[in-house]
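Working notes, structure below.
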Amino acid sequence: MEVLKNVELVLQEEIKIQMWIGLPEAYVNGVRVYLQVPPTIKNGRTFVPVRFVSESLKSEVKWDGDTRSVTVIGPEHTCIVMIDQTKSPLGRNEILEYLQAQGIAGRPGTHSVVGLEAYRKGFGTNPADYPVATQVEAESMALPLHNHMGEDDIERVIRALEEI
């Protein structure tokens with residue numbers, strides 16, 4: 001089997017994860033681990049196993065079969081990924097309105113790198129060539145979870161999200 005691409009993630013140089021496309025094994029800080037699903041490339045995009053990477057980075061991963069969503073709770077951030085938008089209980093704007101009614105600030109998503117003006121000018125990127133990035137910009141949101149928040153504040157945001 002030919003290895004097409006090496007994938008390596010480093011978090012604050014404390015946790016080193018090494019994976020190879022198509023190989024069902026990885027190394028976490030030099031210790032071999034066998035993967036249920038190997039990294040792969042589809043349509044020019046690299047996919048890595050979310051649960052393995054998240055748990056290796058000391059994050060908790062929860063699957064909600066009813067909403068088909070994955071919640072990754074890390075030491076400083078929480079990420080919710082809706083697998084099937086048609087099964088999402090609320091859209092982004094409705095979630096933001098609900099959170100604001102609870103006194104929790106939020107804002108519409110983030111900008112993809114390919115959509116940033118500096119990249120468009122410097123590298124000639126066209127956001128239309130990256131439909132997934134455009135979709136993420138339209139459907140994602142930023143929530144106030146950061147390292148300056150106390151544990152009670154973080155729990156309040158998580159409880160509000162779980163209530164939705």
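The values are calculated or read from the model by the stated rules, or taken from the named source; none is laboratory data. On a predicted model such as this, the values are computed, not experimentally measured, just so you know. Counting neighbours? That spans all protein chains shown, and the Cβs are built from the backbone with ideal geometry, glycine included.
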(request) Could you list all residues from segment 48-80 that are surrounded by 14 or more Cβ atoms within 10 Å (Cβ to Cβ) and in a strand (DSSP E or B)? (result) Val61, Asp64, Ser69, Val70, Thr71, Val72, Ile73, Thr78, Cys79, Ile80
(request) Please find, within segment 30-47, the residue that is farthest from the chain's Cα centre (by Cα) out of those that are in a strand (DSSP E or B), among the aliphatic types (A, V, I, L, M) and surrounded by 13 or more Cβ atoms within 10 Å (Cβ to Cβ). (result) Val33
(request) May I ask you to list the residues in segment 1-24 that are assigned to a strand (DSSP E or B) and either among the small types (Gly, Ala, Ser) or at pLDDT below 85 (or both)? (result) Asn6, Val7, Glu8, Leu9, Val10, Leu11, Ile15
(request) Return only the number of the condition from (1) within 29 Å of Leu161 (Cβ to Cβ); (2) in a strand (DSSP E or B); (3) aromatic (Phe, Trp, Tyr) that Tyr27 does not satisfy. (result) (1)
(message) Of the residues Val72, Val61, only one is within 22 Å of Glu137 (Cβ to Cβ), free of Cβ contacts under 8 Å to residues at least 24 places away in the same chain and in contact with a helix residue (DSSP H, G or I) (Cβ under 8 Å, 6 or more places away or on another chain); which?
(response) Val72
(request) Within segment 82-107, track down each residue that is outside any loop (DSSP other than H, G, I, E, B), at pLDDT below 80 and surrounded by fewer than 14 Cβ atoms within 10 Å (Cβ to Cβ). (result) Gln85, Thr86, Lys87, Arg107
